[in-house]
Amino acid sequence: MSTLRFQALKDASSRKPVKFEESGRKSELFGSNVFNDKAMRQYLTADAYKGVKDAVQHGTKIDRKLADYIALGMKEWALAKGVTHYTHWFQPLTGSTAEKHDAFFETSYDGSDPVEKFGGGQLVQQEPDASSFPNGGIRNTFEARGYTAWDPTSPAFIFGTTLCIPTVFISYTGEALDYKTPLLRALNSVDEAATEVCKYFDKNVKKVTATLGWEQEYFLVDSSLANSRPDLMLTGRTLLGHTSAKGQQLDDHYFGSIPSRALAYMRELEEECMLLGIPVKTRHNEVAPNQFELAPIFEETNLAVDHNSLLMDVMSKVGERHDFKVLFHEKPFKGVNGSGKHNNWSLATDTGVNLLSPGKTPMSNLQFLSFFINTIKAVNEYEELLRAAIATASNDHRLGANEAPPAIISVFIGEQLTKVLANLEGVSKGKLTPEEKTDLKLNVVGKIPDVMLDNTDRNRTSPFAFTGNKFEFRAVGSSANCANAMTTLNSIVAKQLKEFKKEVDALIEKKDLKKDEAIFNVLREYIKTTKNILFEGDGYSDEWEKEAKKRGLSNHKTTPAALKAKVSKKALDLFKDLNVMNHVEVEARYEIELEEYTKKIQIEGRVLGDIARNHVIPTAIRYQNTLIENVRGLKEIFGKDFEKIAKEQISLIKEISAHIEGINSNVEAMVEARKKANVLTDAQKMAETYCDKVKPYFEIIREHCDKLELLVDDEIWTLTKYRELLFTR
């Protein structure tokens, strides 16, 4: 009997839900461990409070003297809550968060006069080793200095006994080495561009904020079962394993009653989120067994990105207390749905208007159409770059797998809005006649409020869909940092809005058109030139793939192919012109993401080879030896008639031998392919070689292993099976 597997099953089946009692109403707990407005009013001086608010609202720089007062108030607030350490909490280009804890506690030079100390210098800046994080060649190993700098727009928070201060992370020479810095620049750019367009409709608008609501999908697997699978622990997914007889085909898990252990986990997780100011609202079972989803209320994008990164940390830590391994991989199990992280995006003004929400008047609808059509135009112009923004080795498994959007980026807007755009396109060019103006206001624009009824069915195969008052970027992977997608999306929209304003102003000035007429003329031309990106049908169909090719849309099914768009002249110019990233920063990210892809495939190949040769083959041989002994016994008993009697056993022995040979020969071929890939010096070629020459062996080796799983005695199979991983509650 396989001790590890069966002990894990015994442990998992005997677990009870962890008892957890809520501390109080969520509304009372919310933000208790956040240095928010309420805490700042209590612990900061009037000048210090004003300094933080001005920095958040207007981007005003906080001077060091004021930072000392802010740090003092922050320290006193944290100490009152039992905090002992502080850290600059940042998001390097590793895909996870980073932190180094320092104690408030200090002594004088001779060891006397102990005191809790935390000043403006520690608040504003620290110096982690920049060369030890992914930097794409920006920093040499001997050039180690980097800086974390406080981001006052994202409030400090307490987790455990540590005060966490959200920061950006930059190199000594000023290049961004994190996800947050380019995101903040992109948000600033879309704010400026959108505000200028808003002034066509409302002169009182002074700021436009990009909002984000993410939907986090994940799997819960008992920790003992997960620990019994080397592939799950080292790669986040199962590299082999035969599908369970029962999977998701009965649709009985989706929105079903939440299992008791999972519900206990969710309850504690939600309380931790409330304390940290993460406004989680929705929880439910997802489609696949042991798959779930958590979603929050919309927030400002920078804060939402921080909250999602923090959430994934918290989910894993709470999972440990409930004996769960939380899986964020986009495709941890073959044969059942993987996990995504839909990014719901919109723009809101400081006057309280959602710019992607149809209004009740012709003017408000003209504003809606301006931002709606410009967003479509931006996606049409930069669909390749948007695909590159969600390209990872793990997301490649999910995109286009009949459970997630395809790798072809398209926009779904629904039947009503399709008709509205068709009507707008039919208006004559130039100055509008009185009849056309009336028609636009009453018969076209006036119909748009009906969209609020949301009577257009959703298209789950669309990677970028309009869903009533927002766009849903459905193609983002569950393990991704939202900043990557949001930096790109906000940048391309900012670029497009700037172009839109130039064109409208030019028409007003050169052709003596009224503002509304100029806007309509430009929008109408955009409608004509963006038809290729609009698609309402089945994104999984072969017909769409052929049609998309005719339309000139990209279809990059792998990360190495998709990432090339990041360093195209078009992309480099975009980010540089908007001051989001310079060429060095973009090229560094390109190198980092290629290297990450290569390393992940390399690790998966090594783990698969190890499991196949050190788990699967020895187990198969052990069972084969049992069969051989059985055949020998039959020969002794039945003599020359044994071949007929032992026919099935002999056939099984041969079949096992064939699969063993198939595993060995393909593992050896895979190792040789890795060796050839490893000598390449060009990052793009190495990633392509791993993708095209190494990765194809994974499925071949897996097929042989999975066949053996069905042939070998269950009592001696060493690896926890799918039916156990997915259905042990």
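The values are calculated or read from the model by the stated rules, or taken from the named source; none is laboratory data. Keep in mind that what you see is a predicted model, and the values were worked out from it rather than measured. Neighbour counts run over all protein chains shown; Cβ positions are idealised from the backbone, glycine included. Ligands, DNA and RNA are excluded from the accessible area calculation, which covers all protein heavy atoms including side chains. Shrake-Rupley method; radii C 1.70, N 1.55, O 1.52, S 1.80 Å.
What is the distance in Å between the Cα centroid of segment 235-305 and that of segment 154-221?
Each part's Cα centre sits 25 Å from the other's.
Give me the number: length gained by fully extending residue 84 to residue 636, i.e. 0.36 nm times residue separation minus the C-alpha to C-alpha distance, one decimal in nm.
This chain segment gains 191.1 nm when fully extended.
Once you list every other residue whose beta carbon is under 10 Å from the beta carbon of residue 492, what net charge do they have if Lys and Arg are +1 and Asp and Glu are -1?
Here the charged neighbours net out to 0.
Would you work out which of 92, 49, 107 lies farthest towards the positive end of the dipole of segment 1-109, given +1 charges on the beta-carbon of Lys and Arg and -1 on that of Asp and Glu, about the Cα centre?
Sorting the options by dipole projection puts first 92.
About the Cα centre of segment 118-248, what is the dipole size in debye to 20, counting +1 per Lys and Arg Cβ and -1 per Asp and Glu Cβ, all else neutral?
Details: 11 positive and 14 negative charges, 36 e Å.
Computed about the Cα centre, the dipole is about 180 debye.
Taking the simple approach of a point 7 Å from Cα along Cα-to-Cβ for both residue 206 and residue 610, what is their distance in nm?
Those two pseudo-labels are separated by 5.8 nm.
Mind checking the full-extension length gain between residue 283 and residue 363? Use 0.36 nm per residue of separation minus the Cα-Cα distance, one decimal, nm.
25.0 nm
Taking the 0 to 90 degree range and rounding to the nearest ten, how far is the long axis of helix 583-611 tilted relative to the main principal axis of the chain, both from C-alpha atoms?
Helix 583-611 and the main axis of the chain meet at about 20 degrees.
Counting Lys and Arg as +1 and Asp and Glu as -1, each charge on the Cβ, what is the dipole of segment 1-158 about the Cα centre in debye, to the nearest 20?
My answer is approximately 780 debye.
Tell me, in nm to one decimal, what length is gained between residue 101 and residue 654 on full extension, where the rule is 0.36 nm per residue of separation less the Cα-Cα distance?
193.2 nm
Toward the positive end of the charge dipole of segment 169-299, about the Cα centre and with charges on Cβ (Lys, Arg +1; Asp, Glu -1), which of 198, 187, 234 goes farthest?
Selected residue: 198.
From the Cα gyration tensor of segment 219-262, with a ≥ b ≥ c the square roots of its eigenvalues, which class applies: rounded if a/c is under 1.5, or else prolate if a/b is larger than b/c, or else oblate?
On the way: a/c = 2.78, a/b = 1.48, b/c = 1.88.
Here segment 219-262 falls in the oblate category.
Would you compute, from DSSP H runs of 4+ residues alone, the mean residue ellipticity of the chain at 222 nm, taking -39500 (n - 2.57) per run and dividing by the full residue count, rounded to the nearest 500?
So the calculated ellipticity at 222 nm is -15500 deg cm²/dmol.
With Cβ to Cβ distances under 9 Å as the rule, what net charge do the other residues near residue 104 carry (K, R +1; D, E -1)? Show your work: numbers first, answer last.
Details: positive: 75, 117; negative: 102, 106, 116.
Local net charge: -1.
Exceeding 30 Å between C-alpha atoms, which entries from my cross-link table qualify? They are 419/570; 325/654; 569/685; 546/570; 549/675.
419/570; 325/654; 549/675
For the chain, with only Lys/Arg (+1) and Asp/Glu (-1) charged at the beta-carbon, what is the dipole magnitude about the Cα centre, in debye rounded to 20?
It works out to roughly 880 debye.
Taking a ≥ b ≥ c as the square roots of the Cα gyration tensor eigenvalues, with a/c under 1.5 meaning rounded and otherwise prolate when a/b beats b/c, else oblate, which class fits segment 171-261?
Note, shape of segment 171-261 comes out oblate.
How far apart, in nm, are two points set 7 Å out from the Cα along the Cα-to-Cβ line at residue 258 and at residue 515?
Between residue 258 and residue 515, the label points sit 4.8 nm apart.
Rounding to the nearest 10 and keeping the result within 0 to 90°, find how far the Cα-based axis of helix 64-80 lies from the longest principal axis of the chain.
On a 0 to 90 degree scale, this one is about 50.
Using a ≥ b ≥ c from the Cα gyration tensor of segment 44-182 (square roots of the eigenvalues), is it rounded, prolate or oblate, where a/c under 1.5 gives rounded and otherwise the larger of a/b and b/c decides, a/b for prolate?
Details: a/c = 1.86, a/b = 1.30, b/c = 1.43.
In terms of gyration-tensor shape, oblate.
Divide, for the chain, the radius of gyration over alpha carbons by 2.2 N^0.38 Å, where N is the residue count. Provide the component values of the computation, followed by the final result.
Working: Rg = 28.9 Å, N = 729, 2.2 N^0.38 = 26.9 Å.
Taking the Cα Rg and dividing by 2.2 N^0.38 Å, one obtains 1.07.
How do 312, 74 stack up against each other in accessible area, from largest to smallest, with a 1.4 angstrom probe?
In descending accessible area the options line up as 312, 74.
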